[in-house]
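The values are calculated or read from the model by the stated rules, or taken from the named source; none is laboratory data. In this text the structure is predicted, and so the values were computed from the model without any measurement. All Cβ positions, glycine included, derive from the backbone under ideal geometry; neighbour counts span all protein chains shown. For the accessible areas, the whole protein counts, side chains as well, though only heavy atoms, and no ligand, DNA or RNA atoms are used. Shrake-Rupley method; radii C 1.70, N 1.55, O 1.52, S 1.80 Å.
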Amino acid sequence: MSVISSKAIVISTIKYSDTSLIVRLYTKEVGLVSFLLKGVLKSKKGKLRTAYFQPLNQLSIIFSYQEKRNLQLLKEAQVIHVYETIYTSITKQSIVLFLSEVLSIAIQEEETNTLLYEYLEHSLIWLDSHEQISNFHLLFLLNLTKFLGFYPDVSQSNKNGFHLSEGFFTDNLQIKEVIKGNEINQFKKLLGINFD
């Protein structure tokens, strides 16, 4: 057993019995880790607060880690980036809930991926600090595919269609899975922008 200090992002929280939570955190040091927080719902004292485990909150944690164990022991947690607008904007709250659901399904790896962690961290800070966010979720998910291994092949992006199931551009517009016309123009715009 080792004690690890790491940054972490809350992926999901599930109520377990009347007093406890099971929390899945994506940590910078060891990847996806699940914790059983016994008695956290009834405790008024202690180092762990229920409010820390809101979807996609960014934390600094200290925990005991045993490799073969499914549920680890969380010793301490602190919020390291207090969101200023995410929890006061209904639009941003909706985006965060949607993205946390997608991430809870998409991220299954229990190994370190520092680039993915940093992408999540910086994207959420960007969302919190900007007002023009109408396509944030689309761009976030598109860029997430780079880390999941199926980002579109853009080497022939001058072609007039995009094959959705195969992930490449094509001029064969007769196939059912190929988007074309206005859809391909919007898709190319999305491929060509960054958050700023």
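Descriptive notes on the structure:
- FRET E, pair residue 4, residue 115, Förster distance 25 Å, beta-carbon r, rounded to 0.05: 0.85
- One decimal place: the segment residue 73-residue 19 gains 17.8 nm when fully extended, by the rule 0.36 nm per residue minus the C-alpha distance.
- DSSP beta bridge pairing in the chain, given as percent antiparallel to the nearest 5: 90 percent
- Straightening the chain between residue 165 and residue 87 buys 24.5 nm, computed as 0.36 nm per residue apart minus the Cα-Cα spacing.
- Directionally averaged projected area (convex hull, Cα atoms, the stretch 97-181), nm²: 7.3 nm²
- Convex hull volume of the stretch 1-104 per residue (C-alpha atoms, cubic angstrom): 103 Å³
- Here the mean projected area of the convex hull built on the C-alpha positions of the stretch 30-69 is 3.5 nm².
- Using only Cα coordinates, the Kirkwood hydrodynamic radius of the stretch 1-58 works out to 11.9 Å.
- The stretch 1-89: GluC sites (Glu not before Pro) falling in loop per DSSP and having at most 13 other Cβ within 10 Å: 67, 84
- P(r) tail fraction, the chain - alpha-carbon pairs more than 30 Å apart, %: 31 percent
- Per-selection Rg to Rh, the stretch 55-153 - Cα, Kirkwood hydrodynamic radius: 0.99
- Rolling a 1.4 Å probe across the protein heavy atoms gives the chain an accessible surface of 58 Å² per residue.
- Coupling constants for the stretch 107-124 follow from the phi torsions by the Karplus curve (6.51 cos²θ - 1.76 cosθ + 1.60, θ = phi - 60°), and in residue order they are 8, 10, 6, 9, 9, 5, 9, 4, 5, 5, 4, 5, 4, 4, 4, 5, 5, 5 Hz; glycine and proline get x.
- Computed from the C-beta positions of residue 132 and residue 97 and an R0 of 25 Å, the FRET efficiency is 0.80 to the nearest 0.05.
- Summed over qualifying helices (DSSP H, 4 residues or more, each -39500 (n - 2.57)) and divided by its residue number, the chain shows a 222 nm mean residue ellipticity of -9000 deg cm²/dmol.
- Normalised by the number of residues in the chain, the average gap of Cα pairs under 8 Å and 6 or more apart makes the relative contact order 16 percent.
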